[in-house]
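Quick notes on the structure that follows.
Read the figures in this text as sums done on the coordinates, not as results from a lab. Computed from a predicted structure; not experimentally measured. Note that each Cβ is placed from the backbone with ideal geometry, even for glycine, and that neighbours are counted across all protein chains shown.
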Amino acid sequence: MKQRWIKIVALFLCAGTFHSCQDPTPDPELPIDPEVPEDPIVPVPEAEYFIGTDLSSLPEIEAAGTIFYNTEGQLVDAVSLLKSMGMNTIRLRLWVDPQDEHSGLAEVKAFAERLRSARLKLWLSVHYSDTWADPGKQVIPAAWQGLSFPSLKDSVASYTQRVAQTLQPDI
């Protein structure tokens, strides 16, 4: 496989060399209008890419005693391992009032602090449900069922504000 890539790269290098050896066609001189200012050079900020994964289940996995090893067979922290592999963003889901503590605000807050101490960005996915929610399945949290629409809106707004202030997600 490695030799195949070397051959492909060599082919592109040769093609580029032959193409660059051709005589350039001169561009015609364009008249410069002194009344029209030149375009200013605007610096373009370096693009920031999010390289991440969803680790929502990691606290539960670790609580079950799962341990992680690097490629040399050394015991490592899963978050540190992923960061060393280039991850810079971790997605966490948040449920309003899950049946167990997993993916609830307290667990997500503690895990978010761990991620921040590892200098990783937090991508928060708020489910507004007590369990899995997706476009085809949106179950109102048990604590909010039966509320009038104005009360439901207030509950959602209050919860969202509390979550944003508590977790301060990057995304």
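A compact table of results
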{"quantity": "Estimated distance in nm for a label pair at Ala47 and Lys83, the labels positioned 7 Å out from Cα along Cα-to-Cβ", "calculated": "2.6 nm"}
{"quantity": "Arg162 versus Ala143: modelled label distance in nm, points set 7 Å from Cα along the beta carbon direction", "calculated": "0.4 nm"}
{"quantity": "Additional length obtainable on full extension of the chain from Tyr69 to Ser151, 0.36 nm per residue less Cα span", "calculated": "24.6 nm"}
{"quantity": "Lysine pair number, Cα distance threshold 26 Å (strictly under), region 48-167, separation 8 or more or different chains", "calculated": "6"}
{"quantity": "Net length gained if the chain between Lys109 and Ile61 were fully extended (0.36 nm per residue, minus Cα distance)", "calculated": "15.6 nm"}
